Amino acid sequence: MNRRAVIFDLDGVLVSTDEFHYRAWKQMASEENIPFSRSVNEKLRGISRMESLEIILKNSSKKYSPSQKADLAERKNCYYKKLLEGLSPESVLPGVLDLLDGLKQQRFQIAVGSSSKNAPYILQKTGLDRFFDAAVDGSEIRKSKPDPEVFLLAAKKLGVPPGSCVVVEDAPAGILAAKAGGMAAVGIGSASSCALADWTAKSLQEAKASDFIGIFQSLR
Ligand code: B16
Ligand code: MG
């Protein structure tokens, strides 16, 4: 058994559900007359649902009670789940399946580490679930990224030490989480300019299994 692992974030790395999060928050915010822009949305990558709501509500003049906040988060999640219904195996981002195949051929273990409570549904709808040796979702953790809990639990499930894991992330908060957990980090998309990342690419279309072998060799 290979004692090296690659742990993938889900939203924005394997599937472009990051765009669905944006649209669902936008709909809720518009209904509440709360300003919400793409730049605010960038701050929500990898952050839990309730923490995301708190960031959005900083731009609201109205004060919301805890139960009103729970209602807003639930409303957003309903809009989000409606968008998820349209997912299929074609929704998997370009380059992902080739990379997963390549990593398996090189006998890397592979896992998903997502802050999303919807991750199991997304993995099932896209057919990605059958590729992974382990998965951790938002319902299994108490602290979301930049805390390393989600990735440490994924490493534990795989039986691989954190120092032998590389995390692939689109969120600066996720890169911080990987580093806090003693793991190497690959930044793609929105995290492709993250100075803390050990390796970066615009998308997984640019990444090959051989790049990961190189990353592990450079860590020695
Ligand atoms: P949910 P990831 C994260 O998923 C998203 O990046 C973030 O935008 C979202 O708020 C969070 O999941 C919680 O998602 O509301 O579905 O539980 O990028 O860690 O895969
Ligand atoms: Mg993400």
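Since every read-out is calculated from the coordinates, none of them should be taken as a lab result. Predicted, not measured: the structure shown is a model, and the values here were computed from it. Backbone-built Cβ (ideal geometry, glycine too); neighbour counts: all protein chains shown.
Looking only at region 35-67, residues that are within 23 Å of Asn118 (Cα to Cα), assigned to a helix (DSSP H, G or I) and small (Gly, Ala, Ser) come to 2 in all. Between Gly174, Gly86, Gly138, the distinction of being more than 26 Å from Ser210 (Cβ to Cβ) and touching a Lys or Arg at 6+ places or on another chain (Cβ under 7 Å) belongs to Gly138 only. Can you confirm whether region 155-166 contains a residue that is of a type in the set (D, E, K, R), without any contact (Cβ under 8 Å) to a residue 24 or more places away in the chain and within 11 Å of ligand 1 (Cβ to nearest atom)? The answer is no, given that none of the residues of region 155-166 is of a type in the set (D, E, K, R), without any contact (Cβ under 8 Å) to a residue 24 or more places away in the chain and within 11 Å of ligand 1 (Cβ to nearest atom).
Taking the criterion of being polar (S, T, N, Q) and within 16 Å of ligand 2 (Cβ to nearest atom), the residues of region 146-200 that qualify are Ser190, Ser192, Ser193, Thr200.
Consider region 113-144 and keep the residues that are part of a loop (DSSP other than H, G, I, E, B) and touching a Pro at 6+ places or on another chain (Cβ under 9 Å). The one that is nearest to ligand 1 (Cβ to nearest atom) is Asp137. Among residues of region 109-131 that are under 13 Å from Glu85 (Cα atoms), those with a Cβ under 9 angstrom from a residue that is more than 12 Å from ligand 1 (Cβ to nearest atom) and of a type in the set (S, T, N, Q), sequence gap 6+ or separate chain, pair up as Ile122/Ser91; Lys125/Ser88; Lys125/Ser91; Thr126/Ser88; Thr126/Ser91. Applying the criterion of being touching a residue at least 60 places away in the same chain (Cβ under 8 Å) and buried (at least 22 other Cβ atoms within 10 Å of the Cβ) to the residues of region 192-220, the residue that is farthest from Glu19 (Cα to Cα) is Phe212. Tallying residues that are crowded, with 24+ Cβ neighbours inside 10 Å and touching a Gly at 6+ places or on another chain (Cβ under 7 Å) within region 168-190 yields 5. Just a yes or no: is a residue in region 41-50 buried (at least 19 other Cβ atoms within 10 Å of the Cβ), closer than 24 Å to Leu176 by Cβ and in contact with a Leu (Cβ under 7 Å, 6 or more places away or on another chain)? No.
So in region 168-191, with the set limited to residues that are without any contact (Cβ under 8 Å) to a residue 60 or more places away in the chain and part of a loop (DSSP other than H, G, I, E, B), which one is farthest from Glu149 (Cα to Cα)? That would be Gly182.
Yes/no matrix, rows are residues, columns are (1) within 30 Å of Ile213 (Cβ to Cβ); (2) of a type in the set (S, T, N, Q); (3) free of Cβ contacts under 8 Å to residues at least 24 places away in the same chain:
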{"site": "Asp9", "(1), (2), (3)": "yes, no, no"}
{"site": "Thr17", "(1), (2), (3)": "yes, yes, no"}
{"site": "Glu42", "(1), (2), (3)": "no, no, no"}
{"site": "Gly46", "(1), (2), (3)": "yes, no, no"}
{"site": "Leu57", "(1), (2), (3)": "no, no, yes"}
{"site": "Ser60", "(1), (2), (3)": "no, yes, no"}
{"site": "Lys69", "(1), (2), (3)": "no, no, yes"}
